[in-house]
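The values are calculated or read from the model by the stated rules, or taken from the named source; none is laboratory data. What you see is a predicted model, and the numbers here were worked out from it, not measured in a lab. Ideal geometry is used to build each Cβ from the backbone, glycine not excepted, and the neighbour counts take in all protein chains shown. The accessibility values were calculated without ligands, DNA or RNA, using every heavy atom of the protein model including side chains. Shrake-Rupley method; radii C 1.70, N 1.55, O 1.52, S 1.80 Å.
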Amino acid sequence: GAGVSQSPRYKVAKRGQDVALRCDPISGHVSLFWYQQALGQGPEFLTYFQNEAQLDKSGLPSDRFFAERPEGSVSTLKIQRTQQEDSAVYLCASSSSGASGYEQYFGPGTRLTVT
Amino acid sequence: AQSVTQPDIHITVSEGASLELRCNYSYGATPYLFWYVQSPGQGLQLLLKYFSGDTLVQGIKGFEAEFKRSQSSFNLRKPSVHWSDAAEYFCAVRDTGFQKLVFGTGTRLLVSP
């Protein structure tokens, strides 16, 4: 079946621009996660949704970062007034409910470069 | 806070040789542990996971890992490495109080002919 998809795969933004990154989770998956992966580092948690509810946003680095999942399916991560330190790969993951939901399935990521 | 340590940044192994990638975690209770692999330009693919039970777990692509509570370790092993195994490997622990994964910094595996 189809996996997690993300778009765009690559995004170049000038400093100060706003960007929107999209994630399409696996159909039926209740949980959705966003992670940020800086060059040479492991992914770091940003935020977590269960259906449309954002249950944990403790990893969002500043109030310029905003995520939503209005219908409990597709999610968008928005970064306002981008800064150079926002350059990273943004990974989306989804998981099903129940015990098997401990597994997170990752998308290919969106590589954001802020110039 | 939970943390994961992967002490080896790079490892080079000859094709056909055995492999062991180290992972140590910091967590009070029994953790949920994972190994993921990431090829260049790709997302993360789950290799294997440990939740409970048998401490030796088998994964995809011939990988296995052993959970050792006394050493707070979850090392990844493969008896014979193939050139296609060259990639970045990440160990992760799931925060059981929440849902997020906490990742190590990764180990880059290079396979020499």
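Working only within the range A:48-58, note down all residues that are without any contact (Cβ under 8 Å) to a residue 24 or more places away in the chain and of a type outside the set (D, E, K, R). Result: A:Tyr48, A:Gln50, A:Asn51, A:Ala53, A:Gln54, A:Leu55, A:Ser58. Say whether the condition of being modelled with pLDDT under 95 and charged (D, E, K, R) is met by at least one residue in the range A:13-25. No, there is no match, as no residue in the range A:13-25 is modelled with pLDDT under 95 and charged (D, E, K, R).
From the list B:Gly43, B:Gly104, B:Gly62, the lone residue that is surrounded by 12 or more Cβ atoms within 10 Å (Cβ to Cβ), touching a Ser or Thr at 6+ places or on another chain (Cβ under 8 Å) and facing another protein chain (nearest Cβ under 10 Å) is B:Gly104.
Within the range A:8-32, the residues that satisfy the criterion of being within 14 Å of A:Lys78 (Cα to Cα) and open to solvent by less than 30 Å² (accessible area, probe 1.4 Å) are A:Ala13, A:Val19, A:Leu21, A:Cys23. Pairs are defined by a Cβ separation below 9 Å, a sequence spacing of at least 6 or placement on different chains, a first member in the range B:66-95 that is within 14 Å of chain A (Cβ to nearest Cβ), and a second member that is of a type in the set (Ser, Thr, Tyr) and in a loop (DSSP other than H, G, I, E, B); the pairs so defined are B:Ala87/B:Ser39; B:Glu88/B:Ser39; B:Phe90/B:Thr105; B:Val93/B:Tyr27; B:Asp95/B:Tyr27. Residues that are under 15 Å from A:Tyr102 (Cβ atoms), crowded, with 17+ Cβ neighbours inside 10 Å and in contact with a helix residue (DSSP H, G or I) (Cβ under 7 Å, 6 or more places away or on another chain) occur at least once in the range B:28-39. Filtering A:Thr82, A:Thr47 for residues that are part of a loop (DSSP other than H, G, I, E, B), among the hydroxyl-bearing types (Ser, Thr, Tyr) and surrounded by 15 or more Cβ atoms within 10 Å (Cβ to Cβ) leaves a single hit, A:Thr82.
Here is a check on your reading of the model: is B:Leu110 closer than 27 Å to A:Pro25 by Cβ and either outside any strand (DSSP E or B) or more than 9 Å from every other protein chain (Cβ to nearest Cβ) (or both)? In short, no.
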